[in-house]
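The values are calculated or read from the model by the stated rules, or taken from the named source; none is laboratory data. Computed from a predicted structure; not experimentally measured. Every residue, glycine as well, gets a Cβ built from its backbone with ideal geometry; the counts of neighbours run over all protein chains shown. Side chains are part of the model used for accessible areas, which takes the heavy atoms of the whole protein and leaves out ligands, DNA and RNA. Shrake-Rupley method; radii C 1.70, N 1.55, O 1.52, S 1.80 Å.
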Amino acid sequence: MSDYITDGKGRNTMVKKLQPKLRFRGFTDAWEPRRLKSLHRQPLLVSPVPSQTYISWSVPAFSTGEPEIVKGSEIESVKQSVNSSDVLLCRINPRINRVWVVEARKDTDLPMIASTEWVVFTGHNSDSYFLSALFTSSRFRNMLLSEVAGVTGSQKRFQIASVLERQEYFPTQIEQARIGLLFAKVDNLIAAEKRKLDLLQKKKRALLRQIFEQKLRFAGYNNPWERCRLGDITEFADYGIAASAIPYDGTVRYLRITDIDDETRQVNIYELPSPDMKHRSRKEDYLRQGDLVFARTGASVGKTYLNRSDRDDIVHAGFLIRFRLKDNICPEFIYQQTLGENYRKFIAITSQRSGQPGINSSEYADWTLYLTSIEEQNQIGGLFGQLDELIAALTQKIDLLMIKKKALLQQMFV
């Protein structure tokens, strides 16, 4: 929100009074302009001492949410000194939203250093978490992207001098603190949910390894597992048929299997807007409950998807292979094996052996997997199906929190 102030005689001075769309109650003052260079701290370069241990705020460590504890002898480049409450803004590929508030460790007084790829802003006369929120806003990101030089993502960096000349608007320090505290709480909540998700995914990976290596079994089952080929337990596999041969009544879903997440196996689902053929792909197929889909070409080769829905779907099948399993096989049990080490090795070896990009249906049919009784298959499939539901629910919760944060950033910053 913005308006203009007057000189007290009713004359418009054309000095713009800037305020955000959403504010905490009781705050009405206009936000004041400040150049970013007034908050910038010139780097104090440090040559790490081999015998010294440091807390290092590296760029790779950002994804973990925690700085590294590292020996000086393991550090191969010059770093810069950082202090508690400094705000770090990453220069590399600003499309990736990397902003970090330096927080001193209570259990140690080790010196703190950071990569020189971080631009350091001081919390002096500003709130660190307010700055962090400002730097993560979409508007600020777009500004950084307009100041980028370089060719590829890993080489792109924003131009520091130009960015520091940019002007941003700031409220009073009291209002900054209120806004900063709000976004700090939102960030902590998102981080906590991400930690839960990470632990759950690690637990699932450990269980996949232990169960499919038969080191861990449900009580009452001790029969040996049998090796078989995927082709031995499927009714058929196909590449799909012409879209014109599939009727469309407006009730089926249209799945884009290109968008399978490696961890959650989630896919983007689009409803066809009408039976108009211009919205249909050349190759489609019905995907029924229990059908397995394998990507056969491109960067997605090897990715799999199981239709757990109790309804038929239309699936883009121009580069996919659909396998329908026999009645005495648990689809979830087979699908979960495609997430394990055995399947990954098969994909790596088969992709190299084929000599061409992609894996065809006969090659997929040769994949060797393991079978147990249908009762144990159902037990194992049910366990992993429940874990996947928990993972999907946590992922959705994180996504919703991120959407809420984005909306707040748009409304609380000018």
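Please give me the summed charge of the neighbours of Gly382: other residues whose Cβ is under 15 Å from its Cβ, Lys and Arg +1, Asp and Glu -1.
Local charge sum for Gly382: -2.
Can you give the three extents of the C-alpha atoms in region 69-214 along their principal axes, from longest to shortest, in whole Å?
Sorted from largest, the Cα extents of region 69-214 read 62, 38, 35 Å.
Mind giving me the nanometre distance, one decimal, between the label points for Val78 and Ala365, set 7 Å out from Cα along Cα→Cβ?
6.4
For Arg95 paired with Gln411, estimate the spin-label separation in nm (one decimal), with each label point 7 Å from Cα along the Cα-to-Cβ line.
That separation, rounded to one decimal, is 3.0 nm.
Could you work out what % of the accessible surface of region 124-164 is carbon and sulfur, using a 1.4 angstrom probe and leaving DNA, RNA and ligands out of the count?
Answer for region 124-164: carbon and sulfur cover 53 percent of the accessible area.
With a point put 7 Å past each Cα toward its Cβ, work out how far Leu216 is from Asn188 in nm, to one decimal.
For Leu216 paired with Asn188, the spin-label model returns 3.2 nm.
So which of Lys71/Lys196; Lys194/Lys404; Lys106/Lys194; Lys37/Lys156 end up more than 25 Å apart by C-alpha?
Distance filter (> 25 Å) returns Lys71/Lys196.
Summing +1 for each Lys or Arg and -1 for each Asp or Glu, what net charge is found among the other residues whose Cβ lies under 13 Å from the Cβ of Tyr129?
Within the 13 Å Cβ shell, the charges total -2.
With the full set of protein chains in place, find how many percent of the accessible area of region 329-414 is carbon and sulfur; take the probe as 1.4 Å.
56
Add +1 for every Lys or Arg and -1 for every Asp or Glu among the other residues with Cβ under 15 Å from the Cβ of Gly180, and state the total.
-2
Highest first, please rank the peptides 216-228, 156-168 by the mean number of other Cβ atoms sitting within 10 Å of their residues.
Peptide ranking by packing, descending: 156-168, 216-228.
How many percent of the accessible area of region 69-122 is carbon or sulfur, using a 1.4 Å probe?
Reported share for carbon and sulfur atoms: 42 percent.
Using a Förster distance of 56 Å, how high is the FRET efficiency between Arg195 and Tyr169, based on the Cβ-Cβ distance and rounded to 0.05?
0.95
Probe of 1.4 angstrom, ligands and nucleic acids ignored: what's the accessible area per residue over region 45-127, in square angstrom?
Per-residue value: 50 Å².
Can you tell me how region 162-213 classifies by the Cα gyration tensor, rounded, prolate or oblate, using a/c under 1.5 as the rounded cut?
It comes out oblate by the Cα gyration axes.
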